[in-house]
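J.: Quick one: the structure is below, and I'll ask about it shortly.
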Amino acid sequence: MSWRAEAVAVWAFALRNLQMASRNVFLIFEILFWPVLGVLMIGLMTSFLRLTPESTAFLLIGQITMSTVHVCQLDVAYSVLYDVWSKSIKHGFLAPIGVHHLTLGSWLVGMLRGLVVFALAAALGRWTFGFHPLQPGVLALATFLAGCFLTAWVVSVSVCALIMLLGARAETAAWACVNFILVLAGIYYPIDVLPGPVAAVAMAIPLTYFLDAYRAHFGFPSSFTAPVATGFALSAAYAALSHWALWAAVRHARRSGLLLKMSE
């Protein structure tokens, strides 16, 4: 397939997700309501506890990260879930496409929505609680956002693989998996406070390193020697592994007949 055909296939899924997002009031609600509510709750808690500006920034970074990753990963998961809910998943895979077209196209829209969420939450944090997201600089912020989006991509592709293996029973994974990953990555605390085996698992999560690198610019000592390089290396490995898992899951669903059972 030529690069132009590849781009058209990716854009087709991006356009589909854009149209679904623009017509679904609940998706718009996810961008405006929950991120704003989360920042207000965490910010007000830090004011009540009279935390230092550094500690306030630590918690607000975690809350904004949670909203950004959550919204971004949902777009990729929805690209499969909508077809499952509408009983039309077999039609999508009858087209001459690969799983990377589906995940890349929906991920582009997820990153766009994630940027909107981050900008909105960060602006509210600065205006209300004195949080300065650009304090580390544009490059550090761009690196951090890239880490958030890559983590969201890996998690959502893994969720899609689970859905193709287990059917609609796995739809709760779209919300449960990302929250589990975020808790382990230390959105509200350093992973040093976790028990040893749990901390070891946290060190295998790319987002752990991107959070560490970004927070280091706010006065917190880094726990790793090369957090950015490690985060990108883990993200690349997991992206390849999760896409292989999705490809294998789709192939298994075709052979087992699950793809037809989830369609009409």
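J.: Treat every Asp and Glu Cβ in region 110-260 as -1 and every Lys and Arg Cβ as +1, leave all other atoms uncharged, and give the resulting dipole magnitude about the Cα centre to the nearest 20 debye.
T.: The calculated dipole for region 110-260 is roughly 440 debye.
J.: With a length cut of 18 Å (Cα positions projected on each helix's long axis) and a Kyte-Doolittle mean of at least 0.0, go through the chain and give me the DSSP H helices that pass.
T.: Helix filter hits for the chain: 3-23, 25-49, 53-85, 99-129, 138-166, 227-256.
J.: Taking loop as defined by DSSP and a crowding limit of 13 other beta carbons within 10 Å, which trypsin sites (Lys or Arg not before Pro) in region 1-85 fit?
T.: Arg50
J.: Would you tally the net charge around Val117, using a Cβ to Cβ cut-off of less than 14 Å, leaving Val117 out, and scoring K and R as +1, D and E as -1?
T.: -1
J.: What dipole magnitude, in Debye to the nearest 20, does the chain give about its Cα centre under +1 on Lys/Arg Cβ and -1 on Asp/Glu Cβ?
T.: The dipole magnitude comes to about 620 debye.
J.: Got a sec? Charge dipole of the chain, +1 on Cβ for Lys and Arg, -1 for Asp and Glu; which of Phe149, Leu241, Val183 is way out at the positive end?
T.: Final value for the positive-end residue is Leu241.
J.: Sticking with this one: Run the helix sum for the chain: -39,500 (n - 2.57) per DSSP H stretch of 4+ residues, divided by residue count, reported at 222 nm to the nearest 500 deg cm²/dmol.
T.: The helix-only estimate for the chain comes to -27000 deg cm²/dmol at 222 nm.
None of the figures in this text is laboratory data; all of them are computed from the coordinates on show. Please read these numbers as outputs of a predicted model, since none were measured by experiment. Here the Cβ is made from the backbone with ideal geometry for all residues, glycine too, and neighbour counts use every protein chain on show.
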